[in-house]
Amino acid sequence: MAAAIQRRLAHRHVVLLTDFDGTLADLAPTPGDATMADEVRAQIDILGALDSVTLGVVSGRRLADVRARVGPAAEFVAGLHGLEIIGPSESFAHPSLKTVGPVIRELVGRAGRELSWCPGLLLEDKTFSVTCHVRQAPRDAGVRALEMFASLAEPQIESGILKLLPGAKAYELLPATDWHKGRAVEWIRARVAASQDSPVAVVYLGDDRTDEDAFASLAPEDIAIGVGSRPHTHLIDWRLAGPASAGRFFAQLARLRVGSP
């Protein structure tokens, strides 16, 4: 797979963009427990140091959170599904972040009170969004809790203030805007292309529904790699089993980009 991608992109600068949870790190019981394996970290450090590769991470986590977990190898980091982005010389914050904070704060309080009955439930307050995780809850209780979580925000969803984003045993409420991971990919691509003499191509790795927005935004010369079983086949060029496989792919791609056997 790495060899086929290198043949296709040999004369292009590669913008390697990847999700974090489920792609660089295995899904964990809680967001705070997710960490990259040493082997994966070593390989992205190598890739990030290559002149022919620009590395970036596009995550649903807050920007500062994912940036701290990935380290300096990533030149671009996007948080909140692309609503906040930082690069080497420019940053971006979606205008919706200026107004949605009080709405999220009120919902976090209500959800904390009304869902306290559910064992194992975790509310992840990201200031401008909130995610209800039920990975550690009993199955039936988790399903019911997610339904109640969604119903709490029905007025804000119907009025176009918030949208509901389903995930892996989780629901997230965030600003209702057409800005998503796909828009973040386009924003990053444009800035890398402006800094390069050679044409660029994006290689995007992701494991979740939110990454499908990124896959759908890719150009014909780009590469879409699904990680795990969830991304729809019609949107991806290849599939990797999980973060460990992604690490091995990074290692082989790095060797090929510098011409090593």
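What follows is calculated from the coordinates using simple rules that are stated; it is not laboratory data. Bear in mind that the values here come from a model prediction, so they are computed numbers and not experimental data. Counting neighbours? That spans all protein chains shown, and the Cβs are built from the backbone with ideal geometry, glycine included.
Centre-to-centre, using Cα atoms only, region 200-231 and region 56-79 are separated by 17 Å.
As an exercise, identify the trypsin sites (Lys or Arg not before Pro) in region 185-261 lying in DSSP coil whose Cβ has no more than 14 other Cβ atoms within 10 Å. Listed in order of number, the matching sites amount to none.
For the chain, the C-alpha radius of gyration sits at 1.02 times the compact-globule guess of 2.2 N^0.38 Å, with N the residue count. Note on region 97-175: the C-alpha convex hull projects to 4.5 nm² when averaged across all orientations. For region 185-261, the list of GluC sites (Glu not before Pro) that fall in a loop by DSSP and count at most 14 other C-beta atoms within 10 angstrom reads E221.
On a per residue basis, the convex hull of the C-alpha atoms belonging to region 1-145 measures out at 139 Å³. Per-residue ellipticity at 222 nm computed for the chain from its helices equals -11500 deg cm²/dmol, with DSSP H segments shorter than 4 residues left out and the rest contributing -39,500 (n - 2.57).
The chymotrypsin sites (Phe, Trp or Tyr not before Pro) of region 56-117 that DSSP puts in a loop, and whose beta carbon has at most 15 other beta carbons within 10 Å, are W117.
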